[in-house]
Structure formats: structure tokens, C-alpha cells
1. Sort HIS117, HIS61 by Cβ crowding within 10 Å, fewest neighbours at the top.
2. Could you bin all the Cα-Cα distances of segment 123-197 into 10 Å bins starting at 0 and give me the percent of pairs in each, rounded to whole numbers?
3. Add -39500 (n - 2.57) for each DSSP H run of 4 or more in the chain, then divide by its residues: what number comes out at 222 nm, to the nearest 500 deg cm²/dmol?
4. Which lysines have a Cα lying under 16 Å from the Cα of LYS148, excluding residues fewer than 8 positions away in the same chain?
5. Distance from the Cα centre of segment 1-42 to that of segment 143-208, in angstrom?
6. Could you go through segment 69-76 in sequence order and give the Karplus-derived ³J(HN,Hα) for each residue, using 6.51 cos²θ - 1.76 cosθ + 1.60 with θ = phi - 60°, rounded to whole Hz, and x for Gly and Pro?
7. ALA149 to GLU46: extension gain in nm, 0.36 nm per residue of separation minus the Cα-Cα distance?
8. For segment 7-217, take every pair of Cα atoms, bin their distances at 10 Å starting from 0, and report each bin as a whole percent.
Amino acid sequence: MSPRRCCLYLITPPEIADIAVFSHQLDDALDAGDVASLQLRLKSREGVAAPDSHILELGRHIVPRAQERGVAVLINDRPDLAVELGADGVHIGQGDIPYAKARKIVGPDAIVGVTCHDSRHLAMEAGEAGADYVAFGAFHPTDTKDPKAKAELELLTWWQQMMELPCVAIGGITAENARPLVEAGADFLAVSAGVWRAAGGPGEAVRRFNAIFDEAAR
């Protein structure tokens, strides 16, 4: 079990047509309980990103909303847009911009997280390069993207025992299947549909996740 309390890492829905409606949903989620970070990710299941203009328009609405609540905002794949939006950092995948280049763009004080799939080797490389966290997954089937790997719980436990660098679990996570990931050692759970499509609404989902984190930390 992780010595640190697990925290929620929200990821936006992959498509957001009505920014005003989503802004209210985001307020509902962020005001319901502790959320450590929010990743702005507008990308189809096939990996096609939304136009820069749409990412920037949405970002200008939600970055300040999150930051004024103490939530760190990361932009998926695009360190240049992270800088333009005044976000707190960037999350990059293995097929995206290299870590060193992303770090150079966002600067030494920004957050840079790296997707490592199910690979201990990739995670150790990211940590040695200076990443602020590594993300493992997918742990469950997800509609958000086609996962490149299926990660196992023991990977989280191994990482927690061996490394100080925080790890994020990602992929199809809901309040119903979250507990084993927390108990295995995840520092953060990255959740998208498990909050935005939750039956009781985003706020209720955030409350449920935090109840699980609190109970596991006792």
C-alpha cells in the first residue's frame, strides 16, 4: 500500500462541444472534493487531436477555473500550448515530443509527466531524465483510446517499493474498480469517463473517489 494518500487526476472528456456546459460540469467536480490535477486532453480514440484553436479556447475557460481552486493543469502532448495557456505543465506519450524538448519548452519549474504503458524500463528512463511522474496503464478497458498495453497491479506495487517518483494509474478507472489500484500503490488515479459519465454526476463521482482514498489511507 502506498505510504502517501492517493489523489485524483482528472482528464477532460476527449470531445467537448459546448464549453459553457462543460465549465459547469468541471465546477461541480472540482467543488466536490480534492482533485490534485486536471489534464486537458482533446483527442479522438484514434489519436486525432482537436484543432489548436479549440484547445486554446477551452483552455482559457478551464485553466483559471482549476488553478484558482489549487488544481494543477496539464496539457496533453503540447508543451507550447501549455506555455501559451499558463498551465502548470504537460503530459507526453511515448510517441509525442521527447522529454528533453518538452522540458526545454515548459521550463525547469513546470510539471512534465510521461506515459510508460506497462514498461518498467520506460518508467526508469523517464525518471532518470527528470520526469515529475510516470503513468502506467491501461489497467482496464477504456473507450477514450485504444491502449497500447495492459498493465498489471504488481507493476504499481513494484514501483512504489523501488522508486520515490510518483506513479499514475490510468485506463478505464471508475469508483467501482479503483480500490485495488489504490491498495497496489498508485499515487494518483487518472480518470475521465469514470467521473464525467458517472451515474450520479461528476460531483458525486469525485466524492466517491475521495472516500476510497481516505479509507485506504487510514
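1. On the way: HIS117 21, HIS61 14.
Arranged by neighbour count, lowest to highest, HIS117, HIS61 become HIS61, HIS117.
2. Over segment 123-197, the share of Cα pairs per 10 Å bin runs 20, 52, 25, 2 percent.
3. After summing the helix terms and dividing by residue count, I get -12000 deg cm²/dmol.
4. Within the straight-line cut-off, LYS148 pairs with LYS43.
5. Between the Cα centre of segment 1-42 and that of segment 143-208, the gap is 13 Å.
6. Once θ is set to phi - 60°, the couplings for segment 69-76 become 9, x, 9, 6, 10, 10, 9, 6 Hz.
7. Working: separation 103, 0.36 × 103 = 37.08 nm, distance 1.53 nm.
Length gained, ALA149 through GLU46: 35.6 nm.
8. In order of increasing distance, the bins hold 9, 37, 40, 14, 0 percent.
Rule-based calculations on the coordinates, nothing more; no lab input. These numbers come from a predicted model, not from an experiment. We place every Cβ from the backbone using ideal geometry, glycine too, and count neighbours over all the protein chains shown.
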